[in-house]
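To start, the structure under review is shown below, and the notes come after it.
The values are calculated or read from the model by the stated rules, or taken from the named source; none is laboratory data. Remember, it's a predicted structure, so these values are computed and weren't measured experimentally. Please note: Cβ atoms are built from the backbone with ideal geometry, for glycine as well, and neighbour counts cover all protein chains shown. When the accessible area is computed, the model is the full protein with side chains, heavy atoms only, and any ligands, DNA or RNA have been set aside. Shrake-Rupley method; radii C 1.70, N 1.55, O 1.52, S 1.80 Å.
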Amino acid sequence: MTILIYSKNNCQFCNKAKHLIKTLGLEYEEKSLEKDFDSDPSKMMEDIGKPVRTMPQIKINGELIGGYNQLIEHFADKGKVNFKGEVI
């Protein structure tokens, strides 16, 4: 499984998403708005593949699943977390 997290500095939900993935024992690659895209949101959206308004944005195996809430839903559907984002 490959996980890519698009994030930005001082983003609470970006940090929560990274923590959840680590707690599940998974690895991820991170692309930061400030470091990887010179703080240019249009460059990041081009890389994501569509316009977005919230962070983080997460791709799993190349498929955009969305933000933190969608990450929880994704892993809840797989029986790995509950709908509060707590590892089962």
**Members of the range 65-83 that are out of contact with any Phe, Trp or Tyr (no Cβ under 8 Å at 6 or more places or on another chain), touching a residue at least 12 places away in the same chain (Cβ under 8 Å) and either closer than 19 Å to Cys11 by Cα or open to solvent by 50 Å² or more (accessible area, probe 1.4 Å) (or both)** = Gln70, Leu71, Lys80
**Asked** Does the range 7-37 hold any residues that are outside any loop (DSSP other than H, G, I, E, B) and over 22 Å from Lys84 (Cα atoms), and which are they?
**Response** Glu29, Glu30, Lys31, Ser32, Leu33, Glu34, Lys35, Asp36
**Asked** Looking at the range 46-85, which of the residues that are over 12 Å from the mean Cα position of the chain (by Cα) and of a type in the set (Lys, Arg) is nearest to Leu24 (Cα to Cα)?
**Response** Lys80
